[in-house]
Amino acid sequence: MKVKVRILDVYSGRYSVFINEKEAMKAKLHPDDLVKLEAGKKTVYGSVVISSLVKEGEIGISRDVLQLHSFSEGEVVTVIPSGTPESVRYIKKKMNGGKLRKVEIETIIKDIVDRKLRDIEISSFVTSLEINGLDMDEIAALTIAMAETGDMLDIDRKPIMDVHSIGGVPGNKTNILVVPIVAAAGLTIPKTSSRAITSAAGTADVVEVFADVSFSLDEIKRIVEKIGACMVWGGALNLAPADDITIKSERALSIDPTGLMLASIMSKKYAMGSQYVLIDIPTGKGVKVESVDQARALARDFIELGKRLGQYVEVAITYGGQPIGHTVGPALEAREALQALMAGTGPGSLIEKATGLAGVLLEMGGVAPAGMGKKMAREILESGKAYQKMREIIEEQGGNPDIKPEDIPVGDKTYTFTAPTSGYITAIDNKAITGIARAAGAPEDKGAGIELYVKVGEKVKEGDPLFTIHAESEARLDQATVFARRTEPIRIEGMVLQRIGNI
Ligand SMILES: O=P(O)(O)OC[C@H]1O[C@H](OP(=O)(O)O)[C@H](O)[C@@H]1O
Ligand SMILES: Nc1ncnc2[nH]cnc12
């Protein structure tokens, strides 16, 4: 059928096209059917929404579609019902535990990028990877397919360094210190981050508190060629675009299947032209990798994948047994990171990890002698040079370089939990801390999160404050408080863990 385009001010987070009920009945189209729109050389896929927002003879195009394709009001398009894409068969093959061939992986990724696969099928693909995994041939094919379906960045500087955490540990604002330290030493580090996947704040969510994180490739090239660094959201770019589409399903399910994580991280690094990549694998209870043996196996996979892509990869296995620093949630973490950069010091868990990772990069990039990287990183941090570089990054990314930690607003609805008994802190439950911060509204509500007053091993007296929940609304605060009561995120020796009666 031929219809006229009507641009709709609708943003649904999906690739939707709106069709009037009568028109849909005539064309035998049903809600969520996949259709192909053809106009000249343009071919776009979308899922049907039946709506009275459009009249017969019209098709409504949402803002989601307009972000990637241009349509003008009144333009005539042909709407063709589209059958089940071939790639669905390959997804089922993976569901049944089969090994995917390179061409099958390429078809799945192309269909994801072309929006031929809808959220429901993409979630099934992600779930099948969580359950059945991928071997190294499949991971390499997935990585290259993800990179080659998008743009590539070509920065006129060498060497290009990069750092990426597999995430999972609450409060991981570490790379916000690592990037300016490394750039202050004269190395080039165009850092892309994802938003939160399983945590309450991804690095992109935190940086966005004091600067823009969405830029075009040309803008990134200009920023990086000028100051040697950036800290941007990978999803705003057309770099490995399938990545950010699959991340949506991962976030909804709070899972990060290992093979997809490897491909997702490394496809972005490949597309950014990074030559020396440091991967941080936080390891400990309640994070993505719980044991050092598992971390070593994952490290070998990252290194092998790097070799296949022509990149030199090193891996740092880091302590992830409890939150990093004292804050969790975008605005609270932004405050803590900025404070540490300004003061050149801060919580041990943050400073040790940041200078340790930066030190490895300084050695990999050849600006620090072997074994001296961490010392050099600490000197750069303490001298204020990292803070100066951070100011440049904030300014180039459209933020206020003079911003102070106390200028950053945090959620003003608060509730503080106190120690029910005296004793030593024996454990802090990462998953519970993340769950509370997410229940409080993080990462979408920037001011939501947790301020932690204690770390494992510290001694508390009955009634001492343990942590404060921050939220931007009373409803969210209540949700988070209920969640915190149920999960008891902080354990103190001698504490009664559960009381069970009347069984
Ligand atoms: O912790 P979760 O949300 O699972 O993983 C996502 C986080 O991990 C990575 O960290 P970085 O950008 O290397 O600092 C991602 O980019 C993102 O910030
Ligand atoms: N970009 C990314 N994609 C998938 N998993 C990740 N874990 C950390 N960063 C990630």
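Throughout, read-outs are computed from the coordinates displayed, never taken from laboratory work. The model shown is predicted, which means the values in this text are computed figures rather than measured ones. Glycine also receives a Cβ, built like all others from the backbone with ideal geometry; neighbour counts cover every protein chain displayed.
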- Query: Whose amide H sits under 5 Å from the amide H of Ala200, counting only residues 5 or more places off or on another chain, with H placed in the peptide plane?
  - Reply: Gly171
- Estimated distance in nm for a label pair at Asp156 and His30, the labels positioned 7 Å out from Cα along Cα-to-Cβ: 5.7 nm
- Expressed as a whole number of Å, what is the distance separating the alpha-carbon centroids of the range 32-67 and the range 82-146? 25 Å
- aspartates and glutamates with Cα under 14 Å of Lys288, excluding same-chain neighbours fewer than 8 positions away: Glu130, Glu250, Asp256, Asp280, Asp429
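Using only DSSP helix segments of four residues or longer, with each worth -39500 (n - 2.57), what per-residue ellipticity at 222 nm results for the chain after dividing by its residue count and rounding to 500?
Numbers: 18 runs with 208 residues, N = 503.
Calculated from helices alone, the mean residue ellipticity at 222 nm is -12500 deg cm²/dmol.
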- Query: With θ set to phi - 60° and the Karplus curve 6.51 cos²θ - 1.76 cosθ + 1.60, what are the ³J(HN,Hα) couplings of the range 294-308 in order, to the nearest whole Hz, using x for Gly and Pro?
  - Reply: 5, 5, 5, 5, 5, 4, 4, 5, 4, 5, 5, 5, x, 4, 5
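State, as an integer percentage, the relative contact order of the range 86-133 based on alpha-carbon contacts under 8 Å between residues 6 or more apart. Kindly include the intermediate steps, with their values, before the conclusion.
Values: 32 pairs, mean separation 23.3, N = 48.
About 49 percent, as a whole number.
Between the DSSP loop rule and a limit of at most 16 other Cβ atoms within 10 Å, which GluC sites (Glu not before Pro) in the range 60-108 are left? Working shown, then result.
Values: sites: Glu73, Glu75, Glu86, Glu104, Glu106; in loops: Glu73, Glu75, Glu86.
Passing sites in the range 60-108 are Glu73, Glu86.
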- Task: Report, ordered by chain and residue number, the lysines lying within cross-link reach of Lys4, taken as a straight Cα distance under 26 Å and ignoring same-chain residues fewer than 8 apart.
- Result: Lys22, Lys26, Lys28, Lys36, Lys41, Lys42, Lys55, Lys116
- Message: Give me the count of lysine pairs in the range 153-272 whose alpha carbons sit under 21 angstrom apart, restricted to pairs 8 or more positions apart or on different chains.
- Response: 18
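Report, for the chain, the % of DSSP beta bridges that are antiparallel, rounded to 5. Each step should come with its number before you reach the end.
Working: 33 of 61 bridges.
Bridges in the chain that DSSP calls antiparallel: roughly 55 percent.
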- Can you give the Kirkwood hydrodynamic radius for the chain, in Å, rounded to one decimal and based on Cα pairs? 24.2 Å
- Note on the structure: For the range 381-386, in residue order, the Karplus 3J(HN,Hα) values (coefficients 6.51, -1.76, 1.60; θ = phi - 60°; whole Hz; Gly and Pro = x) are 5, 5, 6, x, 5, 5
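I'd like to compare 333-346, 191-204: which one has the highest average count of other Cβ atoms within 10 Å, and what's the full order after that? Provide the component values of the computation, followed by the final result.
Details: 333-346: 22.1, 191-204: 25.9.
Ranked from most to least packed, the peptides come out as 191-204, 333-346.
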- Query: Rg (Å, one decimal) plus Dmax (Å, integer) for the alpha carbons of the range 2-81?
  - Reply: 10.9, 29
